[in-house]
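I have placed the structure first, in the form of structure tokens, so that the comments after it can refer back to it.
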Amino acid sequence: MATAVITPTATAPSAAPVPAKRRRRGPWRHPWGLEGFTWLYLIWSIVPIGVAVLFSFNRGKSQSSFQGLSLRWYTGTSKAYGSVLHDPTLHAAVVQTLKLGLFVTLITIPLGVGFAIGIDRWRGRTSNGLNLVMIFSFVVPELLLAVALMFVFLQLLKFIHLGDGAETAALVVWNISWPAIIVRARLVTIGRVFEEAAADLGASRFSAIWRVLLPMLMPAIFASAVLTFASVIDDFVIVEQLSGPGSQTMSVLIYSQAHGGNNGPALNALATLMLLFSLVVAGLGYVAYRLMTKGERGNTAAALTSIAGM
């Protein structure tokens, strides 16, 4: 009787397990080096600002030793030291900065929105060339623009005097790119469907823009206003080149007094207020943008990106 011999089937050798230490060296491992560098950069950037803010609440005049908390450099009334609230120079700088920011924003936003709608809805060689104007402030150095406009105001447009008029006109030219870029980006996402539907229902072109398009552009318009106002508050180069008597803003006053050696805690308080204004405006812009786009469920990163104009 024959016996069947069963031979084992050859199987492919199994892959050797990858050691855990080797797996951690893959491309998707935690970027410890990049994370550490990011934290070092944040500490290097934020700690000096925090120290300056802390010494604005110093009870004494020292900039090296902290002597206790006090609001004397913000609201103090003693004649021995000047506070932001009662020192005429510091108080005037705050008022001038807020006034300039408001004027520039009110002028820049309508011009920028109209510019964005025009180059998006108007097709032709001229409109393609005007697209370059949208990135004007991102290409031309700010100092070059400030010096050029100073010569224009002094030699050609002599009716615009250095001071409020020149600063407002120059800052409008510098900041018009913000509403143009942000509003145009929203126009691209909206398209022309809603305007065409309004036209089919009998609306004129102006009525379609006013009643349909502009309400849909309000989040982008508000984000542009926030960026423009914050940019004017922090601007130094243009304002310093075109400033006149009695038109010093907070940034120019801080630079001039600190450069001259008069850098007491009152300047820290003024710089803290400038930082606070920027943060409050950015926070209000973020909250308002989220409320205006409630139906468009975007995440927090998308809202912050729109506010930042990226």
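No value in this document is a laboratory result; all are computed from the given coordinates. Please read all numbers here as calculations on a predicted model, not as lab measurements. All Cβ positions, glycine included, derive from the backbone under ideal geometry; neighbour counts span all protein chains shown.
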*asked:* For a quick check of your reading of the filter: which chymotrypsin sites (Phe, Trp or Tyr not before Pro) in the range 143-204 sit in a DSSP loop and have no more than 14 other Cβ atoms within 10 Å?
replied: PHE159
*asked:* I'd like to compare 203-211, 102-110: which one has the highest average count of other Cβ atoms within 10 Å, and what's the full order after that?
replied: 102-110, 203-211
*Please turn the phi angles of the range 172-179 into ³J(HN,Hα) values with the Karplus equation 6.51 cos²θ - 1.76 cosθ + 1.60 (θ = phi - 60°), one per residue in order, whole Hz, x for glycine and proline.*
5, 4, 6, 9, 5, 5, 4, x
*Quick one: order TRP32, TRP73, TRP178, TRP122 by neighbouring beta-carbon count within 10 Å, fewest to most.*
TRP32, TRP122, TRP178, TRP73
*In whole Å and largest first, what semi-axes does the C-alpha gyration tensor of the range 89-308 yield when each eigenvalue is scaled by 5 and square-rooted?*
35, 22, 13
_In order through the range 242-252: 3J(HN,Hα) via Karplus (6.51 cos²θ - 1.76 cosθ + 1.60), integer Hz, x for Gly, Pro_ = 10, 6, x, x, x, 10, 6, 8, 4, 5, 5
*Mind sorting VAL84, VAL95 by how few other Cβ atoms lie within 10 Å of their own Cβ, fewest first?*
VAL95, VAL84
*Given H placed on each backbone N at 1.01 Å, which residues far from GLY163 in sequence or on other chains put an amide H within less than 5 Å of it?*
GLY244
_Förster radius 51 Å - calculated FRET efficiency between LEU201 and VAL51, Cβ distance, rounded to 0.05_ = 0.25
*Ranked highest first by the average count of other Cβ atoms within 10 Å around their residues, in what order do 181-190, 230-239 fall?*
230-239, 181-190
*May I ask you to derive the relative contact order of the range 89-308, considering only C-alpha pairs under 8 Å and at least 6 residues apart, and to give it as an integer percent?*
30
*So for MET218, MET250, fewest C-beta neighbours within 10 Å to most, what's the order?*
MET218, MET250
